[in-house]
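Accompanying notes for the structure given below.
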Protein chains: 2
Amino acid sequence: MRGVVMHAPGDVRTEEREDPVIVEPTDAVIRVAATCICGSDLWPYRGQDPVNQPTPMGHEYVGAVEQVGDDVNVTKIGDFVVGSFFASDNTCEICQAGYQTHCVNRQPGAATGGQAEFIRIPLADGTLVTTPGRPDPELIPSPLAASDVLGTGWFAAVAAGAGPGKTVAVVGDGAVGLLGVLAAKQLGAERIIAMSRHETRQKLALDFGATDIVTERGDEGVEKIKELTHGLGAHSVIEAVGTQESMMQAIRSTRAGGHVGYVGVSHDVALPGEEMFFSGVHLHGGPAPVRRFLPELIHLIWDRKIDPGKVFDLTLPLDQAAEGYQAMDERRATKVLLTF
Amino acid sequence: MRGVVMHAPGDVRTEEREDPVIVEPTDAVIRVAATCICGSDLWPYRGQDPVNQPTPMGHEYVGAVEQVGDDVNVTKIGDFVVGSFFASDNTCEICQAGYQTHCVNRQPGAATGGQAEFIRIPLADGTLVTTPGRPDPELIPSPLAASDVLGTGWFAAVAAGAGPGKTVAVVGDGAVGLLGVLAAKQLGAERIIAMSRHETRQKLALDFGATDIVTERGDEGVEKIKELTHGLGAHSVIEAVGTQESMMQAIRSTRAGGHVGYVGVSHDVALPGEEMFFSGVHLHGGPAPVRRFLPELIHLIWDRKIDPGKVFDLTLPLDQAAEGYQAMDERRATKVLLTF
């Protein structure tokens, strides 16, 4: 099969690889219908995470089940499925509490790399969610978005307590932040302030339900949020970047008693305890338990209530994955979909 | 009147001071029935916070209203009242959301120092809660505890999500931690693990409802909590110390998706972003909005359902306040009550 492999920072190749096979009896093998490139794939691409050996890439996928192991009972061959970046049994106490990304048996979700024609998925019954049928081709980008960026933005909005009567601010205008806007809108937020200085992303944010755009960042961004909220700060702030500046911007934009939902993977962040203490905010986040939300998200997508697939602004064949990485690295594309 | 003044670290004196008077029309003056020494009073006593000038001490009090300003409408002369360490209007949006310690008009609660015969209380109508009557002398320690340490322990337990079916661990065996145990018990927690290596405090923790005692600290303490919770960690952890070690002990003792309620004032704490991110816990805390809980706490006390006054293990006349500070500093006393 064809699959994407990173050989070194900046060196991504689509090459011939061995077809994955069932290893554990709880595995399934999926024939991928569409996959994509994640913001987190850029960390090794930019040399911010090490690339110690040629590494199969990708963890977002939708596709049809091709093979199942002997202990797979729920997932059937032919099912069209969505999974996410962690495999989970969905039965342990942590999964049952809705934290499948912390499952006691968790494993990488796309064991053999998601940017490929086929993938081996561990713990298939717990990990995969079957859709109501094979989607029309034009619908495919939306369940693919649910696999990570929508699920992550949704978790951030839930963690931030977005809901009726709430003012939600969103720090970060990448795919996750933009879908955090969509999630806040669906969850009934009254006012949604997208923080962005990129015109096309501002447009998509407004399209997804943002009511206000703030272009300022850092302390100026915080001041602007306060101006818009009678000096109090937002009730709910989504942090979808993961830097020290964005995290402090999020905390300082939140009113006392409000909630910060953070999903930007924190690299080199240290939160000052005293400021956090006196802020009086709630903090919750981490790797999003996308599995918790998948059934609901698929339902909303199939009913055409949400269109998260709009977040993909570049579609390329798998063989041109390298160009996709470059486009995202240079911010020419927000999110790149790879087809076959 | 007589009042306690700190002149320098280690130098606390009970001396003659001017009687407080109404300054703002929203003020009340209270004749104090009992006051006490707070763990936070030890910060300047130990030189960890500066003492730049002779400073009237104390912010915990119960007493009878002696005078009210022209704009005080709810609080009446003669009412027996409980207040706390911040004065709040109790009408702004932040107060109405239950975060009175972050009131847009907040001020220090005992403007003229609580360890004194009389105190001026700003924003009296918003700040003071009137009890069902003058308590019997033997009851007085309990509403006094509600003024800060019980209210703070209660907030920590609420922030930690303590409730039916939950395992709650408590980091810190000072008055706040011990009353966090009492709060968790009242909130219906199934199992309450007190972390303490002091025999008398262990005993009080058991008395307040702890089901288990863990004497280990740091990483060993975390391991012990995991052993007691099928390797998962507690659902709810109360952090009532405020050091880097105690904060990390609290976060690491909490299962993914669980809650840390932190009320130890964080001095020199920096939370590592990446560990926090991957822990998947909820964090909430800060200066406790005691005012939110006072009506309920007074009710429980008057009905003799809780006896938080047991946390006082040394009672001294106000004139011997210096001895009280010394006893708490040397950990000979958990909490010192001062009488007249």
Quick one: would you say B:G285 is in contact with a strand residue (DSSP E or B) (Cβ under 7 Å, 6 or more places away or on another chain) and touching a residue at least 12 places away in the same chain (Cβ under 8 Å)? yes
Subset of the stretch B:200-227 [in a helix (DSSP H, G or I), in contact with a Lys or Arg (Cβ under 8 Å, 6 or more places away or on another chain) and either outside the structural domain of B:V171 (by TED's automatic domain parsing) or surrounded by 16 or more Cβ atoms within 10 Å (Cβ to Cβ) (or both)]: B:L204, B:F208, B:V222
For the stretch B:320-340, enumerate the residues that are open to solvent by 10 Å² or more (accessible area, probe 1.4 Å), free of Cβ contacts under 8 Å to residues at least 60 places away in the same chain and assigned to a helix (DSSP H, G or I). B:E323, B:Q326
Taking the options A:A162, A:A157, name whichever one is outside any helix (DSSP H, G or I), in contact with a helix residue (DSSP H, G or I) (Cβ under 8 Å, 6 or more places away or on another chain), modelled with pLDDT of 95 or more and outside the structural domain of A:Y61 (by TED's automatic domain parsing). A:A162
Taking B:P143 as the residue in question, decide whether it is open to solvent by less than 30 Å² (accessible area, probe 1.4 Å), assigned by TED's automatic domain parsing to the domain that holds B:K335 and under 14 Å from B:R291 (Cβ atoms). no
Checking B:G258 against (1) in contact with a His (Cβ under 8 Å, 6 or more places away or on another chain); (2) modelled with pLDDT under 95, which single condition isn't satisfied? (2)
Scan the stretch B:166-189 residue by residue and report those that are closer than 25 Å to B:A256 by Cβ, open to solvent by 10 Å² or more (accessible area, probe 1.4 Å) and touching a residue at least 40 places away in the same chain (Cβ under 8 Å). B:K166, B:T167, B:G172, B:A189
Do the conditions hold for A:R120, that is, is it open to solvent by less than 50 Å² (accessible area, probe 1.4 Å), of a type in the set (K, R) and away from chain B (no Cβ under 14 Å)? yes
Residues satisfying the stated conditions in the stretch B:273-319, i.e. within 14 Å of chain A (Cβ to nearest Cβ) and open to solvent by 50 Å² or more (accessible area, probe 1.4 Å): B:E274, B:E275, B:F278, B:R292
Here the qualifying pairs (Cβ atoms under 8 Å; residues six or more apart or on different chains; first in the stretch B:252-272 and touching a residue at least 12 places away in the same chain (Cβ under 8 Å) and facing another protein chain (nearest Cβ under 9 Å); second small (G, A, S) and part of a strand (DSSP E or B)) come out as B:R255/B:A234; B:G258/B:A234; B:G258/B:S236; B:H259/B:S236; B:Y262/B:G285; B:V263/B:G285; B:A270/A:A270; B:L271/A:A270
Report, by residue number, each residue of the stretch A:52-78 that is open to solvent by less than 30 Å² (accessible area, probe 1.4 Å) and part of a loop (DSSP other than H, G, I, E, B). A:M57, A:G58, A:E60, A:G69, A:V72, A:T75
Output the number of the condition that B:R120 fails; it satisfies all remaining conditions of (1) in contact (Cβ under 8 Å) with a residue 40 or more places away in the chain; (2) over 30 Å from B:P25 (Cβ atoms). (2)
Over the stretch B:90-117, the set of residues within 26 Å of B:K335 (Cα to Cα) and open to solvent by 40 Å² or more (accessible area, probe 1.4 Å) is B:Q107, B:P108, B:A111, B:E117
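The values are calculated or read from the model by the stated rules, or taken from the named source; none is laboratory data. The structure displayed is predicted, hence computed values, not measured ones. So basically every Cβ, Gly included, is an ideal-geometry build from the backbone, and we count neighbours across all protein chains shown. To get the accessible areas, we keep the full protein, side chains included, count just its heavy atoms, and leave off ligands, DNA and RNA. Shrake-Rupley method; radii C 1.70, N 1.55, O 1.52, S 1.80 Å.
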